[in-house]
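The values are calculated or read from the model by the stated rules, or taken from the named source; none is laboratory data. This is a predicted model, so every value here is computed, not measured. Every residue, glycine among them, receives a Cβ derived from its backbone with ideal geometry; neighbour counts consider all protein chains shown. Heads up: the accessible areas ignore ligands, DNA and RNA and are worked out on the full protein's heavy atoms, side chains in. Shrake-Rupley method; radii C 1.70, N 1.55, O 1.52, S 1.80 Å.
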Amino acid sequence: MTTARRSLLMGASALPLFSIHARAQTALNVTIASSHPVANFWVAMMKNVFQPEVDKQLRDNGNTHRINWRESYGGTLYRFQDTMEAVRDNITDIGYVGTLWEGSTMPLQNVTYFTPFATGDHGVIANAFEGMNASVPAIRANWNGLNMVPLSSYITDTYHIWSNFPIRTLDDLRNRKISAPGTSANWLTGTGATPVDGALTTYYTDIQTGVSEGALSFFVGILPTRVHEVARFITKCDVGAMYVGGIAANRQRFERWPEPVRRAMTEAGKATTQAHIRDVSARIAVAEAEMVRQGAVISTLPEAERTRWIRGLPNLARTWADSSGPASRDVLTAYFAAIRGAGQTPGRDWDRELTA
């Protein structure tokens, strides 16, 4: 056999192998989007952890499918007020759903905002909701009824007070204006402070211009906004970490994906939650050190004053439960069981007060 003929036959035999391999791997187009840019620490998890982890899961488990990611980060498809609707209505296949903006459509997921001082451990909160999203029937039904599949759980670190005046006792808050938007305004009840509506993006200007004199917020959120420049007194009071939603997929799209893809998405979501917990922990330390370097003065509210604050709050959990349906009792029970199961002691036993 001539060299030329041998080469031709070898080349011909190689073609079907290549062709078979190409047919074996199916490509799926998946849109992933957010209302915030990748610089936002929640969205960064989507691009830098979730997407690569999905790709890795698929490669490591048969390599029969791959994802063509169509990224629409930074609000190019929808605003932050529409994160739930965007995933529900399949404007995006996968997106960050901010449950904190869905008080009326997703009230059960907002239990943390009505139970301040439950725990400041953001890892405990994230893991609690990983379990509750899967095991609490009412929460599962809510996600399902809104045509969504939750894949990961996002949180904030615990809340403290940034102010342009020192706070040594609870009395120092009397007649002061503190930025505390939405539900967090309730946390100031009984302190004598006046809550002022706003957002992370407005705190700096509000404090600088006298609209408010401080803000209830968290280290990871405050650092990029530079609020500590106009409110250099940081009073640690550990109001609690908060659940804010997470990555979710459109349910109809999710159910149409092949089983290996669904499994990869689910496992990638779990991995993203754990990476998010670690990321927030690292960011807290960095933010605190940077604020001190820039002149912030950090103190801790005395425990007796913190207890006084907690005891002075009205029964916020009961108010939430009364307006969130009978399943709210089950959610509250499951939530506090997860906190205590992680070895935490709640600052106030909101769940037990429902039957008191």
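Worth pointing out:
- Accessible-area ranking of Ile91, Ile32, largest first, probe 1.4 Å: Ile91, Ile32
- Residue-averaged [θ]222 nm for the chain, counting only DSSP H segments that reach four residues, each worth -39500 (n - 2.57): -14000 deg cm²/dmol
- Within the chain, the longest segment free of exposed loop sites, counting trypsin sites (Lys or Arg not before Pro) that fall outside DSSP classes H, G, I, E and B and have at most 14 other Cβ atoms within 10 Å, spans 227-356.
- Assigned charges on the beta-carbon of Lys, Arg, Asp, Glu; region 153-248 dipole about Cα centre (debye): 120
- Placing a label point 7 Å from the Cα of Asp89 along the Cα-to-Cβ direction, the residues of region 244-263 whose backbone N falls under 19 Å from that point are 248-254.
- For region 296-356, the solvent-accessible area works out to 51 Å² per residue, with a probe of 1.4 Å and every protein chain left in place.
- Cut-off under 5 Å, modelled amide H: who pairs with Val196 long-range: Ile178, Ser179, Ala180
- Note that region 74-150 shows a convex hull volume over its alpha carbon atoms of 103 Å³ per residue.
- Computed lengthening from Arg263 to Val292, 0.36 nm per intervening residue step minus Cα-Cα distance: 6.0 nm
- Whether region 263-346 is rounded, prolate or oblate, judged on the alpha carbon gyration tensor where a/c under 1.5 counts as rounded: oblate
- The chain: angle of helix 200-209 to the longest principal axis, Cα-based, in degrees nearest 10: 30
- Helix 303-312 and the long axis of the chain differ in direction by around 90°, with both axes built from C-alpha atoms.
- Sparse-neighbour loop sites [chymotrypsin sites (Phe, Trp or Tyr not before Pro); region 92-166; at most 12 other C-beta within 10 Å; DSSP]: none
- Theoretical FRET efficiency, 1/(1+(r/R0)^6), r = Cβ-Cβ of Arg318 and Asp197, R0 22 Å, to 0.05: 0.35
- Nonlocal amide H pairs with Ile155, under 5 Å, H built at 1.01 Å: Val244
- Rounded to the nearest whole Hz, the Karplus-based 3J(HN,Hα) values (6.51 cos²θ - 1.76 cosθ + 1.60, θ = phi - 60°) of region 35-48 follow the sequence 8, 10, x, 5, 5, 5, 5, 6, 5, 4, 5, 5, 6, 8, with x at glycine and proline.
- Straight-distance crosslink candidates among lysines, where the alpha carbon sits under 22 Å from Lys270 and sequence neighbours closer than 8 are dropped: Lys47, Lys56
- Angle in degrees between helix 51-60 and the longest Cα principal axis of the chain, rounded to the nearest 10: 40
- Charged-residue dipole, Cβ positions (Lys, Arg, Asp, Glu), the chain about Cα centre, Debye nearest 20: 940
- Under a 5 Å amide H cut-off, with hydrogens placed 1.01 Å from N, Gly240 pairs with Phe117, Tyr159 among residues at least 5 apart or on other chains.
- ³J(HN,Hα), Karplus 6.51/-1.76/1.60, whole Hz, each residue of region 250-267, x for Gly, Pro: 4, 5, 5, 5, 4, 5, 8, 5, x, 3, x, 6, 4, 5, 5, 5, 5, 5
- Once the Cα-Cα distance is subtracted from the 0.36 nm per residue extended length, the Thr345 to Gln208 segment shows a gain of 45.6 nm.
- Whole-angstrom gap from region 184-221 to region 250-279, using each part's C-alpha centre: 36
- Coordinate range along principal axes, alpha carbons of the chain, Å, largest first: 98, 48, 36
- Selection from Gly75, Ile125, Trp350, by position along the positive dipole direction of the chain (Cβ): Gly75
- Carbon plus sulfur fraction of accessible area for region 173-296, probe 1.4 Å, in percent: 49
- Equivalent ellipsoid semi-axes, region 309-356, via Cα gyration tensor eigenvalues times 5, rooted, Å: 17, 16, 7
- Accessible surface, per residue, of region 53-177 when the full set of protein chains is kept, probe 1.4 Å, Å²: 38
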